[in-house]
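Just below is one structure, and these are the notes that go with it.
Read-outs: derived from the displayed coordinates by stated rules, not from any lab. Keep in mind that this is a model prediction, so the values were computed, not measured. Backbone-built Cβ (ideal geometry, glycine too); neighbour counts: all protein chains shown.
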Amino acid sequence: ALKFNHLHLHLTDDQGWRLQLDSRPLLTEKASATSVGGDPGGFYTQDDYREIIDHAGARHMTVVPEIDL
């Protein structure tokens, strides 16, 4: 009813990389360590990402992965 049916999920931002990649473990380890305001940061595991996709799909939402370069 409110047309909130797209989730723009930022997988990168100016503070770091936010998605675990098995092929790039150092990228995940080093580039996800910071966040805005000095917070510890973090990243989505592949299982987290699958859960987000499944949850959104069950609610007729589209997940749009965004990677800023």
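Structure values in brief
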{"item": "Beta bridge orientation in the chain: antiparallel %, DSSP, nearest 5", "result": "25 percent"}
{"item": "Convex hull volume of the chain per residue (C-alpha atoms, cubic angstrom)", "result": "104 Å³"}
{"item": "Förster radius 22 Å - calculated FRET efficiency between residue 39 and residue 68 (Cβ-Cβ, nearest 0.05)", "result": "0.70"}
{"item": "Angle between the chain longest axis and helix 46-58 axis [Cα atoms, degrees, rounded to 10]", "result": "10 degrees"}
